[in-house]
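Below you'll find the structure, written out as structure tokens, and then a few comments.
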Amino acid sequence: MMANDVIRILVYVNEAVSHEYSFEIDIRNKKVLPCHPEMVKKIDIASRCALEEAFLVKERGGHVEISAITVGLPEAEWILRTCLGLGADKAIHLATDQLEYCDDYTIATLLSEYVNRKKADLILCGDRTENYGYSQIGPILAELLGYPFLSGIIRLEMGKEGRITVQRKVTRGNRLRLQAPLPAVVSVNRMINLPRYISVHTQIKPLKEAIAKIDFPYKNARAMELISVGPFKPRAKKSVVPSGENRLDFLMSGGKSSKEGRKLLEGNLGEACDQIIQLLKEENIL
Amino acid sequence: MIHAREILWNVPHWQTNSMYIGSLFVLFVLIVAFYKMLKIWRSCKGDWEDYDSKDLVRKFVNYILAQKTVLRDRIAGMMHLLISIGVTGLFLITVLLGLEAHTSIHFIKGNFYIFFSLLADLLGLILIAGIGLALWRRFGTRNTKLSTEFQDLSILILLLVIVITGYGIEGARMTATAAYHEIYSPIGYVVAKILAAFGPAKSHLLNLHQSLWVLHLVLALTLIILIPFTKLKHIFTAPLNILLSRLPNSLPPPPLLRNIESKEYIGIKSRSDFSFKGALELDACTRCGRCDENCPALISNNNLSPKILVNLLQRALRYQSKSVRNYEIMQFLQKHPCHELVWYCATCGYCQYHCPVFINPLSKIYGLRFYLTAIGRVPRSAAKALESLQYLGNPWEALPDKRGEWFEKSVPKKRNVSHPEYVYWVGCSVLNDVRMQEIAVSVMKVLEAAEINYVVLYGQEGCCGDPARRLGEEGLFQRIALANIKRLKELPTDKIITHCPHCAFTLKHEYARLNGRFDVIHHSKLIWSLVNQKRLKIPKVLEKRIVYHDPCYLGRYDSCYDEPRQILNAIPDITLLEMERSRQKALCCGAGGGQMWLESGGGMRVNYIRFEEAQRSDPDLIVTACPYCNMMFHDAAKYKEVSDTVRVKDLAELFG
């Protein structure tokens with residue numbers, strides 16, 4: 001990437017379901033329906049932060065082209081419409097009709113196939129989602145593309161000669177500064193910025209650029225199938241009251257549980273991961 | 001003896017020729033300057049300002065000739081009246097003298113000459129009196145709303161010197177021609193006597209006359225040439241603006257933006273987004289400062305003045321940037337601290353109501369808000385309220401189910417009336433505060449006591465959209481409004497009662513522009529009519545000294561000042577007190593215009609200032625008829641730690 005080239009930023013955006021509304025469970029048809037029909041869809045807040053950061057990079061100067069991308073059903077196009085209204089230069093919809101419930105690996109794989117064809121210098125996404133907790137899309141995508149991955153970023157600066165400098169929060173107000181070459185995948189934390197308000201006019205105004213819809217019939221989709229919905233089955237929980245002796249042992253051991261069947265992993269992060277994978281294989285989970 | 005005189009006596013040809021050439025030059029400059037002004041106005045293509053070209057004769061007579069709105073301020077009005085009579089009269093005198101000098105019609109003679117001379121002297125005196133009053137207002141009083149610039153002082157001094165040189169010319173002529181019989185020109189006579197006392201030679205008198213004549217001519221032409229470049233242009237722009245404005249009975253809502261889904265942006269982004277009327281208004285301002293007098297933003301923060309904002313916008317219209325073609329108005333405004341007024345305005349309407357030439361600063365603020373909100377540049381706290389309104393149906397971040405629960409618990413009995421007389425629009429404030437719920441319950445008790453058939457919408461009722469509209473979120477407002485109109489039209493009655501003046505104004509005036517025409521009644525008017533019809537008993541209250549606060553959206557916007565006072569006056573054994581600023585001059589509580597969700601700009605909060613004003617009349621009870629005002633006064637009472645001694649209630653709570 002040359003110094004004066006356009007920097008292509010790809011921002012992954014996804015929808016969030018508002019938890020403030022109560023839902024009706026349709027068990028027979030396996031549907032989860034919002035009680036209030038006027039419930040408004042919204043873009044996941046971390047995605048909004050990622051998109052906002054892309055806009056801020058553009059506003060600070062430099063030649064930047066911002067593309068918003070999402071994966072999913074046709075109904076997902078409203079997100080891209082909003083992103084174009086906010087100021088994104090392009091919008092891409094990787095349409096996957098057959099996948100109603102995608103896991104992060106499938107989404108990351110689809111994104112990686114797109115990036116391999118169309119190229120992107122910087123890929124931004126949120127580090128977590130409102131509905132499903134921590135998002136694995138960023139690290140999986142980076143691994144599939146072979147790009148450096150920077151997670152939980154709270155500050156991003158475009159440097160010279162195709163490098164970016166980021167900051168990550170550590171404890172007690174301290175910051176970790178990292179630098180990486182482009183292309184790279186960055187997952188942003190919500191602390192990175194305050195995304196701008198999305199007005200109704202932004203969502204409905206005429207588009208300068210059409211949404212590029214790409215059908216991605218992903219044959220090896222690791223799709224999840226929704227098999228049932230229903231109320232949570234209450235289970236009686238046994239309350240265990242530890243004896244005084246057990247409690248003393250617990251305290252004296254520095255908080256380590258003395259129960260059988262537990263194993264404390266030792267070693268560095270890589271070694272611990274290897275041990276976990278081994279355990280999962282032994283338990284026939286992997 | 002025939003009373004007359006030679007017009008242009010002792011004026012050599014070169015001076016009269018200079019007068020003609022000078023006048024032609026001044027006329028040329030005026031035409032070019034006003035043409036450029038008109039060109040700027042016509043380049044403003046926005047179509048969302050309200051015009052009203054009806055009642056032209058009434059407007060001309062009442063507001064231009066009689067200067068009714070100018071005279072609302074007695075001293076300033078008198079000052080303006082004296083100056084305008086003096087200047088207009090002396091200008092007409094000069095025109096008549098010109099006709100006498102350059103036509104074959106000679107009419108300034110005999111008794112008419114006597115009357116003419118006396119009138120000219122009196123008009124000069126009137127003008128001097130007006131100038132004296134103006135100078136006293138600026139320098140002899142602590143008038144904080146006036147800010148004196150070079151042009152303000154120089155125009156007054158220029159006028160004064162023109163009048164004095166006019167008297168000097170008259171006196172020199174009378175002395176040189178020994179016309180001491182012209183005592184019907186009293187000031188000229190006095191000046192002549194003074195000059196004669198010095199015993200000057202005739203040649204000196206002739207020179208003095210010529211010099212004063214030249215000076216008088218130069219100063220007069222200078223004054224005329226300054227008209228389009230100073231606030232003197234209001235001589236033309238203010239009457240034109242008055243003729244094209246609505247009559248100031250009550251304040252209209254801001255115009256509706258149509259077809260927003262087909263527009264790349266909405267509101268005021270650049271110069272061309274102003275309308276012709278909006279641009280004309282900006283040029284009609286004379287910086288009289290009446291808009292500043294009770295502006296809540298200015299009172300709480302000295303940087304924020306509607307007067308300065310209007311003048312900044314006037315300069316923004318004329319700003320030409322070679323590097324940026326369609327520069328944004330906000331980019332220009334952001335160089336000045338006053339740009340924050342865009343977000344600190346409480347839309348109380350004081351500036352619009354009290355402007356003597358019908359300038360509407362509010363429409364400009366709305367225009368800027370529409371643009372900024374649409375592109376997402378809205379303060380964070382307001383953005384949270386708007387997001388809550390988008391996703392939850394109310395600006396208080398309250399769960400929608402909470403409304404339904406409250407209704408189930410609080411509405412007296414299930415209202416399934418088949419032929420209701422009214423719909424009671426409860427409003428969204430009940431989701432925020434228990435106090436607001438108490439007010440709604442009191443209103444329902446009043447309706448039950450008067451045996452009125454009414455329905456409520458229960459969980460179907462959302463926000464009326466007022467916060468969205470005031471914060472500039474036009475798309476959201478229209479979405480909410482259209483949904484509410486559809487719901488309300490399904491009901492068997494179109495009469496709506498509400499206890500919130502903001503809801504009342506929105507439902508009545510804003511919805512009407514979206515084809516939702518409803519007969520909306522504020523609860524204060526309904527209660528008064530029920531009391532009059534003896535369907536409601538006058539309550540007894542424990543508090544003896546009661547002061548009433550006029551809500552902006554009930555008072556200035558709806559001209560409802562008397563009904564709440566009549567209700568309070570009907571209560572036995574109480575004393576109804578008035579605050580220093582009440583009725584049309586009432587100070588806003590500081591919550592309107594979306595301020596409930598915006599951080600204040602520093603300085604003393606307006607609700608504390610208003611509460612202190614109420615406290616000065618030593619009341620036991622502050623009564624208001626608006627939930628926003630109620631919340632603000634409650635906050636202030638807690639802040640001042642007088643909640644136990646000074647209570648705050650809604651009008652309905654006195655009955656229910």
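The values are calculated or read from the model by the stated rules, or taken from the named source; none is laboratory data. From a predicted model like this one, the values you see are computed outputs, not experimental measurements. When we count neighbours, we look across all protein chains shown, and the Cβ atoms used for this are built from the backbone with ideal geometry, even at glycine.
Which ranges mark the helices (runs of 4 or more DSSP H) fully within region B:347-459 that have 2 or more residues being within 14 Å of another protein chain (Cβ to nearest Cβ) and within 30 Å of B:Ile308 (Cβ to Cβ)? Before the answer, list the steps.
Values: elements: B:350-354, B:361-374, B:380-392, B:400-410, B:434-449.
Those helices (runs of 4 or more DSSP H) span B:361-374, B:380-392.
Which count do you get for residues in region B:63-106 that are polar (S, T, N, Q) and within 17 Å of the chain's Cα centre (by Cα)? Lay out the reasoning, then the answer.
First pass over region B:63-106, keeping only residues polar (S, T, N, Q): B:67, B:69, B:84, B:88, B:94, B:103-104.
Cutting the leftovers down to within 17 Å of the chain's Cα centre (by Cα) gives us B:67, B:69.
Number of matching residues: 2.
Kindly list the number of the only condition in (1) farther than 29 Å from B:Phe28 by Cβ; (2) assigned to a helix (DSSP H, G or I) that fails for B:His216.
For B:His216, the failing item is (1).
Any residue in region B:168-181 that is buried (at least 21 other Cβ atoms within 10 Å of the Cβ) sitting within a Cβ distance under 9 Å of a residue that is outside any loop (DSSP other than H, G, I, E, B) and acidic (Asp, Glu)? List the pairs, counting only those 6 or more apart or interchain.
From region B:168-181, the pairs are B:Glu170/B:Asp121.
Restricting region B:217-239 to residues that are under 29 Å from B:Arg556 (Cβ atoms) and crowded, with 18+ Cβ neighbours inside 10 Å, which is nearest to the other protein chains (Cβ to nearest Cβ)?
B:Thr237
Considering B:Leu341, B:Leu362, B:Leu386, which residue is hydrophobic (A, V, I, L, M, F, W, C), in contact with a Pro (Cβ under 9 Å, 6 or more places away or on another chain), in contact (Cβ under 8 Å) with a residue 40 or more places away in the chain and farther than 30 Å from B:Leu243 by Cα?
On the way: B:Leu341 fails: farther than 30 Å from B:Leu243 by Cα; B:Leu362 fails: farther than 30 Å from B:Leu243 by Cα.
After ruling out the rest, the residue left standing is B:Leu386.
Testing A:Asp104 on (1) more than 17 Å from A:Ile7 (Cα to Cα); (2) acidic (Asp, Glu); (3) out of contact with any helix residue (DSSP H, G or I) (no Cβ under 6 Å at 6 or more places or on another chain), one condition comes back false. Which one is that?
(3)
Considering every residue within region B:501-511, establish whether at least one is within 25 Å of B:Leu386 (Cβ to Cβ), free of Cβ contacts under 8 Å to residues at least 60 places away in the same chain and surrounded by fewer than 15 Cβ atoms within 10 Å (Cβ to Cβ).
So far as region B:501-511 goes, no, none of its residues is within 25 Å of B:Leu386 (Cβ to Cβ), free of Cβ contacts under 8 Å to residues at least 60 places away in the same chain and surrounded by fewer than 15 Cβ atoms within 10 Å (Cβ to Cβ).
On the basis of being crowded, with 16+ Cβ neighbours inside 10 Å, within 14 Å of chain B (Cβ to nearest Cβ), within 28 Å of B:Gly393 (Cα to Cα) and modelled with pLDDT under 75, does A:His36 make the cut?
Considered against the rule, which asks whether it is crowded, with 16+ Cβ neighbours inside 10 Å, within 14 Å of chain B (Cβ to nearest Cβ), within 28 Å of B:Gly393 (Cα to Cα) and modelled with pLDDT under 75, A:His36 comes out as yes.
Find the residue count for region B:255-265, including only residues that are in contact with a Gly (Cβ under 8 Å, 6 or more places away or on another chain) and in a loop (DSSP other than H, G, I, E, B).
Qualifying residue count, region B:255-265: 1.
Taking only region B:580-608 into account, find how many residues are surrounded by fewer than 18 Cβ atoms within 10 Å (Cβ to Cβ), part of a helix (DSSP H, G or I) and in contact (Cβ under 8 Å) with a residue 60 or more places away in the chain.
Looking only at that region, the number is 2.
Restricting the search to region B:246-259, which residues are surrounded by 14 or more Cβ atoms within 10 Å (Cβ to Cβ), over 21 Å from B:Leu482 (Cα atoms) and not small (Gly, Ala, Ser)?
Of everything in region B:246-259, those that are surrounded by 14 or more Cβ atoms within 10 Å (Cβ to Cβ), over 21 Å from B:Leu482 (Cα atoms) and not small (Gly, Ala, Ser) turn out to be B:Arg246, B:Leu247, B:Pro248, B:Leu251.
Tell me, yes or no, whether region B:425-432 has at least one residue that is among the hydroxyl-bearing types (Ser, Thr, Tyr) and surrounded by 22 or more Cβ atoms within 10 Å (Cβ to Cβ).
Yes, region B:425-432 has at least one match.
Yes/no per residue for (1) out of contact with any Phe, Trp or Tyr (no Cβ under 7 Å at 6 or more places or on another chain); (2) within 14 Å of chain B (Cβ to nearest Cβ); (3) surrounded by fewer than 21 Cβ atoms within 10 Å (Cβ to Cβ):
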| position | (1), (2), (3) |
| --- | --- |
| A:Arg172 | yes, no, yes |
| A:Pro183 | no, no, no |
| A:Asn189 | yes, no, yes |
| A:His201 | yes, yes, no |
| A:Pro206 | yes, yes, yes |
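Please give the number of the condition A:Ala88 fails out of (1) outside any loop (DSSP other than H, G, I, E, B); (2) modelled with pLDDT of 90 or more.
Just one mismatch for A:Ala88, condition (1).
Which one of these is modelled with pLDDT under 95, part of a helix (DSSP H, G or I) and within 28 Å of B:Ala614 (Cα to Cα): B:Val531, B:Val541?
B:Val531
Condition (residue is more than 19 Å from B:Leu217 (Cα to Cα), of a type outside the set (A, V, I, L, M), without any contact (Cβ under 8 Å) to a residue 12 or more places away in the chain and in contact with a helix residue (DSSP H, G or I) (Cβ under 8 Å, 6 or more places away or on another chain)) applied to region B:63-74: is it met by at least one residue?
The answer is yes; a qualifying residue exists.
Looking at region B:253-278 only, could you name the residues that are in contact with a Phe, Trp or Tyr (Cβ under 6 Å, 6 or more places away or on another chain), away from chain A (no Cβ under 14 Å) and over 26 Å from B:Leu507 (Cα atoms)?
B:Phe276, B:Lys277 - these are the residues of region B:253-278 that are in contact with a Phe, Trp or Tyr (Cβ under 6 Å, 6 or more places away or on another chain), away from chain A (no Cβ under 14 Å) and over 26 Å from B:Leu507 (Cα atoms).
Going through region B:1-21 one residue at a time, which ones are in contact (Cβ under 8 Å) with a residue 24 or more places away in the chain and surrounded by 10 or more Cβ atoms within 10 Å (Cβ to Cβ)?
Matches in region B:1-21: B:His3, B:Ala4, B:Arg5, B:Ile7, B:Leu8, B:Trp9, B:Asn10, B:Val11, B:Pro12, B:Gln15, B:Ser18, B:Met19.
Please pick out the residue among A:Leu84, A:Leu182, A:Leu178 that is touching a strand residue (DSSP E or B) at 6+ places or on another chain (Cβ under 8 Å), within 20 Å of A:Ala46 (Cα to Cα), in contact (Cβ under 8 Å) with a residue 24 or more places away in the chain and aliphatic (A, V, I, L, M). So that I can check it myself, show each step before the final result.
Numbers: A:Leu182 fails: within 20 Å of A:Ala46 (Cα to Cα); A:Leu178 fails: within 20 Å of A:Ala46 (Cα to Cα).
Result of the check over A:Leu84, A:Leu182, A:Leu178: A:Leu84.
For B:Ser262, indicate whether it is more than 23 Å from B:Gly166 (Cβ to Cβ) and surrounded by fewer than 18 Cβ atoms within 10 Å (Cβ to Cβ).
yes
In this structure, does B:Asp519 turn out to be surrounded by fewer than 18 Cβ atoms within 10 Å (Cβ to Cβ), under 24 Å from B:Cys552 (Cα atoms) and away from chain A (no Cβ under 14 Å)?
The answer is yes for B:Asp519.
Within region B:22-55, how many residues are in contact (Cβ under 8 Å) with a residue 12 or more places away in the chain, surrounded by fewer than 13 Cβ atoms within 10 Å (Cβ to Cβ) and closer than 30 Å to B:Lys109 by Cβ?
Result for region B:22-55: 0.
Return a yes/no flag: does region B:484-491 have any residue that is of a type in the set (Lys, Arg), touching an Asp or Glu at 6+ places or on another chain (Cβ under 9 Å) and within 13 Å of chain A (Cβ to nearest Cβ). Spell out the reasoning first.
Quick first cut of region B:484-491, residues of a type in the set (Lys, Arg) only: B:486-487, B:489.
Still in the running and touching an Asp or Glu at 6+ places or on another chain (Cβ under 9 Å): B:487.
From what's left, within 13 Å of chain A (Cβ to nearest Cβ): B:487.
Among the residues of region B:484-491, at least one is of a type in the set (Lys, Arg), touching an Asp or Glu at 6+ places or on another chain (Cβ under 9 Å) and within 13 Å of chain A (Cβ to nearest Cβ), which makes the answer yes.
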